[in-house]
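Working notes for the structure below.
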Amino acid sequence: MIRFSENYSLKAHNTFGVDAKAKFYFEFTDPADLQIFLNENQSWKEERLIVLGEGSNILFLNDFDGLVIHPNVPGIKTVDEDRNNYWVEVGAGEVWDEFVDFAVTYNLGGIENLSLIPGTVGAAPVQNIGAYGQEVCAVVEKVKGYDLEKQQLSEYTIDECRFAYRDSIFKSYLKNKFIITSVVFRLEKFPEFNLKYGQLEEKVKAKGDPTLQSIREAVIEIRSSKLPDVKELGSAGSFFKNPVVDESLAESLKLNYETVPVYAAQGGKAKLAAGWLIEQAGWKGVREGVVGVHKDQALVIVNYGGATGKEVWDFSEKIKQSVFEKFGVELEREVNCI
């Protein structure tokens, strides 16, 4: 199935619910159709281009004067197996949480802590999504897609994806140059549970002996209590990354703020909790017109209805400035602003 439209509304394609329009919009369910479309319509090279899944990590600041490509490739299939693992190839258009549910149902481990994260499977490796001590890079084996520069189908192995904290080659060097059509995951038949993050262990223990299902249920309960349902209140989940800073700055903050959460990070750095910084700067629950910070989670900026992308951006700038003035820490947006 393919769809090509002009002046296409993206309101249903971004979880902020911003009513931006795309000059051109192309959706496909078969990678071969994408290849045919691009080969027969070479004028796309003259257009700005973005790849869009569910839009769960995107903020449109205005209408998009270019081509939006939506990979809506379906399917989940086993491609290999050994004593300890299954390798499963999943279409980029599959809903991420539905894939997590599939894995847990068949007792395959490695992504259960990533339950209820919004978005599609194709977007997962771009952002290197993570939660409660798990990151998707730990189970990604291969990423398949279409290389726009080479104009051919191609694939990247785990080592070539350059995964880092909320980052990958698809978010940097290959941003809007490589259209992901499917991802191959290595899932565990005998998983080791990861319960050492936040209140997860306590929630799981309350349900009895830990299982993939009880972990998934606990994560869903925790996330639901902290994060708004994007179907009811527009947001993109965590708006800012947890900042990684020099240990000296973290130690200085601990001297002045005893309760500041600090976590070890790679390279002798320290990771701070962005939500704590924002809340301590006085922004939790603050609302300005149709934009605000969620009352239960300071990391989440919400659209109460009718907000433009520019209004959300301007509001986030105030938060960034406030946190920097109070703590000397520069927040970085996790949301991709277009």
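What follows is calculated from the coordinates using simple rules that are stated; it is not laboratory data. None of the values given here were measured: they were computed from a predicted structure. Here Cβ is always computed from backbone atoms with ideal geometry, including for glycine, and neighbour counts include all displayed protein chains.
Here are some notes:
- Our helix-only sum for the chain, with -39,500 (n - 2.57) per DSSP H run of n ≥ 4 divided by its residues, gives a mean residue ellipticity at 222 nm of -7000 deg cm²/dmol.
- Under a Gaussian network description of the chain, with springs only between Cα atoms under 10 Å, the residue in 150, 11, 171 that fluctuates furthest is 150.
- Gained length - residue 189 relative to residue 220, 0.36 nm times residue gap less alpha-carbon distance: 8.9 nm
- On full extension, the segment bounded by residue 78 and residue 207 gains 43.4 nm, given 0.36 nm per residue less the C-alpha separation.
- Cross-link table 231/254; 45/318; 254/320; 207/326; 196/284, entries beyond 31 Å C-alpha to C-alpha: 231/254; 45/318; 207/326
- Distant-in-sequence amide H partners of residue 48 (H built 1.01 Å from N, under 5 Å): 67
- The trypsin sites (Lys or Arg not before Pro) found in the stretch 268-338 that occupy coil by DSSP, while having at most 14 further C-beta atoms within 10 Å, are 295.
- Summarising the amide proton neighbourhood of residue 54: residues at separation of 5 or more, or on other chains, whose placed amide H is nearer than 5 Å comprise 120.
- Three-way shape label, the chain, alpha-carbon gyration tensor, a/c 1.5: oblate
- For the stretch 202-272 and the stretch 80-131, distance of Cα centres in Å: 20
- When peptides 177-183, 162-168, 299-305 are sorted by average Cβ neighbour count within 10 Å, with the highest value leading, the order is 177-183, 299-305, 162-168.
- The amide H of residue 73, built 1.01 Å from its N in the peptide plane, has 92, 93 as neighbours under 5 Å, considering only residues 5 or more places off or on other chains.
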